[in-house]
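**Student:** Okay, handing you the structure first.
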Amino acid sequence: MSKTDQLKGYKRLNPLLKWVFSALSVYFFVRQIQGLEGNLLRDVSLHLSENILLFVAIVLLALVNWNSEAQKFKLLIAGEVKLSNLRAFLTILGGMAISNFTPARTGEYIGRGLLLKKLHPLKVVIATVGGNIAQVLMTYSLGLSCIGIAVLFTDFGGDLADTSKLVYVLISSVVIVLFVLNIKRILPWVLQLLPRKIAKTLNLIKKYDSTLYSKVVLLAFIRYVAFTLQFYLFLQLFSDFAMPMSALLFVPIAYLMQSLVPVPAVSDVGVRVAVSQLLFGAYLMDYAMVQAVTCLWFINLILPGLLGTIYLLISTIRQR
């Protein structure tokens, strides 16, 4: 079967897929909202109502977070289709509607592809993977950097002597720098270990020039900063503002640790709570930790996913 025939077959199947994933999105999000405890919702509402300005700041950061992702995708897909800011934004939300209940956020490709039916799915995958690589770069580089700083200047390294900490950080820094400098030599070796289809997709990402991709990395950094500040503000809110400024250093470490567990985004609250207890347990009670993590989970995953589900449903109905 030719690529043209495959694309025609995909377009014929597109309406059915949109109905199926719209229904699944509604079902999963309803179940998640029903699963929230009444007492938890009441206590969270009380805290937020008493600190309305802080809550407004967190919501604005959420908008920065979502829009940064939309602008990344818009830049990376611009060679194939010109998207308005609004359509790019809604397409991102539509992808989140599906990605939140699929392992390793694989539904992100499906959701965006369904909403951009005139494009070949592979082109959507390439743009999405390109944006995700930039975001992973932020998660690991900033997370590892914060681990190094924490080891040197806090008790994060345990009982290690100062000299041992310095040696550990220097060795880690040298390894990271060597890896970055030799990435072009390492990548072909890594591609040989991956399944052929995945390796082929990653090879296609090379078409993005350095100028464009530097803009994508900057947007990934902006998104990361917004997400980091959100979590820190939630931790401050539910600790009754007892968190020291130095605790901000541990947020990137928390994100790095959470990223190592490949579970569906909508189901990883337990992972987030466990990691947060490990890093911030000295400042927050367990219940306050659950409140902070639940709020972060809701405003960055559930809320945009619900909005994306509505958009996915509307686009599905219009397509009839």
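Here, each number is a calculation from the coordinates, and none is a lab measurement. Here the structure is a predicted model, which means the values were calculated and not measured. Note: ideal-geometry Cβ built from the backbone for every residue, glycine included; neighbour counts use all protein chains shown.
**Student:** Checking the table Lys74/Lys207; Lys117/Lys207; Lys118/Lys215 against a 20 Å threshold on Cα-Cα, which pairs fail?
**Tutor:** Over 20 Å apart, Cα to Cα: Lys117/Lys207; Lys118/Lys215.
**Student:** From the C-alpha gyration tensor of region 65-157, pull out the three semi-axes of the equivalent ellipsoid (sqrt of 5λ each), sorted largest to smallest, in whole Å.
**Tutor:** So the equivalent ellipsoid measures 32, 14, 11 Å along its semi-axes.
**Student:** Quote to one decimal, in nm, the extra length available between Ile317 and Asp240 on full extension: 0.36 nm per residue of separation minus the C-alpha distance between them.
**Tutor:** Taking Ile317 through Asp240 to full extension adds about 23.1 nm, to one decimal.
**Student:** Can you list the residues, at least 5 places off or on another chain, whose amide H is less than 5 Å from the amide H of Tyr208, using H built in the peptide plane?
**Tutor:** Distant-sequence amide H within range of Tyr208: zero hits.
**Student:** Rounded to the nearest 0.05, what FRET efficiency do Ile52 and Asp286 have when you use their Cβ-Cβ distance and R0 = 25 Å?
**Tutor:** Between Ile52 and Asp286 the formula returns 0.45.
**Student:** Further, regarding this structure: Give the peptides 109-115, 52-58 in descending order of average Cβ contacts within 10 Å, highest first.
**Tutor:** Going by the mean number of other Cβ atoms within 10 Å, highest first, we get 109-115, 52-58.
**Student:** List the residues of region 62-82 whose backbone N lies under 14 Å from a point placed 7 Å from the Cα of Leu212 along the Cα-to-Cβ direction.
**Tutor:** 72-82
**Student:** Something else now. From the phi of every residue in region 301-311, what ³J(HN,Hα) in whole Hz does the Karplus formula 6.51 cos²θ - 1.76 cosθ + 1.60 yield, where θ is phi - 60° and glycine or proline is x?
**Tutor:** 10, 5, 4, x, x, 5, 4, x, 5, 4, 5
**Student:** Ok, one more. How high is the FRET efficiency from Ala274 to Leu24, r the C-beta distance, R0 30 Å, rounded to 0.05?
**Tutor:** Working from the Cβ atoms, E equals 0.65.
**Student:** To continue, here is another question. Given Cα pairs under 8 Å that are at least 6 residues apart, what percent is the relative contact order of region 90-141?
**Tutor:** About 26 percent, as a whole number.
**Student:** Turning to a different aspect of this structure: So for Arg87, Arg272, fewest C-beta neighbours within 10 Å to most, what's the order?
**Tutor:** Lowest to highest Cβ neighbour count: Arg87, Arg272.
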